[in-house]
Amino acid sequence: MRVILAAGLVAAILVVRPSYAAVADDKTCPIDEVVAVIRSVAGDATKTHIKRAHPDAEKDAKDATNEQKGVGDPADDHAKSDTCIRYGDRLEAGPEAVVTIETTKGKRHIGGSYDPVFQAPEASEAVSPGAMSYVASLYHNLFSRSSPTVYATGRGLEDCQQAEEEALPLVPLDRLGQTHQEIGADLKEIVAAWKPSASPHSVQATLRGRDGIAIARADSCGSAHVTLPLRPGDLHPNDPLTLEIVDGRGERLDYDLIVVEPKDLPVPPGPLPSEWLVAAWRLAAGPPETRLDSIARLQTAPPDALAARSISEAIWLDSKF
């Protein structure tokens, strides 16, 4: 088993300003607990209230805020831009204020003429207080505050055919420049990805076995990634596979894959509570030949895990981190 040691693994993810990041690092935004981020508050912020599911964590966050501000009075619990909402937290806003939050399902408005309450779901998996210390600094300030969140949407085949000549060449993401990849035999899906194009672009991805027979296939138009579901028994250790990515103009991008035992993939220097957090660590700190596997495992995160969604979006956009 290969063990890769990564140094200085401490603190935050998500779209944060540098001034906020110092608070977010250890207290406000644990990477494994964030389900929403407050983007703006319009109106009377004193008519808003955040009830933390974990009062001790809330007190720690206030103390960290006070320390940064150089004041001794406790910070209030009113909604403020860049504040994180964690599992179990409750955000309330009266008719005098509108709070805009970002979730994995897009932006929502709380208060004013909208719903007065946002109740964050309870955590669906156990989390470790120290989990973020192994992962989060690798994604510190991944996005600037002004960077938009982009959710790719598919287009009709007719649109793809009309714009094929304008589409960019089919080239790999910078992060997937190495075309030899190792994937675990336990994967339930594999994700094919390539550099995004502004124009609709029809692409077909096919996973083939040693004999050339297709194991899985998926098509895309407009989106620069596609998921190929796998069935139990599709992958066996030491199997050589080929991931073929072909666009509507016949351009190709091929990856040579080798299936390995999951235990032979790199592991972090300390335990992490969930598969997607291990994948996030491996994606940033592991060797380049395991990134395709890591991208697939990121998709196992709970649907409301905003940090996992943010990392995936950065991958699709070929952002640096």
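The values are calculated or read from the model by the stated rules, or taken from the named source; none is laboratory data. Since this is a predicted model, take the numbers as computed values, not measurements. A quick note on method: Cβ atoms are made from the backbone with ideal geometry, for glycine too, and the neighbour counts reach across all protein chains shown.
If you check GLY248, GLY233, GLY177, which single one turns out to be of a type outside the set (Asp, Glu) and farther than 24 Å from ALA279 by Cα?
Of the residues listed, the single one that is of a type outside the set (Asp, Glu) and farther than 24 Å from ALA279 by Cα is GLY248.
So which strands (runs of 3 or more DSSP E) stay within the range 220-321 end to end and still have 3 or more residues that are over 24 Å from VAL34 (Cβ atoms) and among the charged types (D, E, K, R)?
Here the list reads 252-260.
ALA198: surrounded by 20 or more Cβ atoms within 10 Å (Cβ to Cβ), under 21 Å from ALA314 (Cβ atoms) and of a type outside the set (Lys, Arg), yes or no?
Taking the combined requirement at face value, the residue does not satisfy it.
Based on what the data block shows, is ARG297 touching a residue at least 24 places away in the same chain (Cβ under 8 Å), buried (at least 17 other Cβ atoms within 10 Å of the Cβ) and under 14 Å from ILE31 (Cβ atoms)?
no
Of the conditions (1) at pLDDT below 95; (2) closer than 19 Å to PRO288 by Cβ, ALA192 satisfies every one except a single condition; which number is it?
(1)
Could you count how many residues in the range 209-230 are of a type in the set (Val, Ile, Thr) and over 12 Å from THR242 (Cα atoms)?
The total comes to 2.
Restricting attention to the range 236-271, report how many residues are in contact with a helix residue (DSSP H, G or I) (Cβ under 6 Å, 6 or more places away or on another chain), farther than 17 Å from GLN181 by Cβ and surrounded by 18 or more Cβ atoms within 10 Å (Cβ to Cβ).
Result for the range 236-271: 2.
In contact with a Leu (Cβ under 6 Å, 6 or more places away or on another chain), buried (at least 18 other Cβ atoms within 10 Å of the Cβ), assigned by TED's automatic domain parsing to the domain that holds ASP186 and among the hydrophobic types (A, V, I, L, M, F, W, C): is that true of ALA280 in this structure?
Here the answer is no, as ALA280 does not meet what is asked.
Does SER274 meet the test of being in contact with a strand residue (DSSP E or B) (Cβ under 8 Å, 6 or more places away or on another chain), crowded, with 17+ Cβ neighbours inside 10 Å and at pLDDT below 90?
Taking the combined requirement at face value, the residue does not satisfy it.
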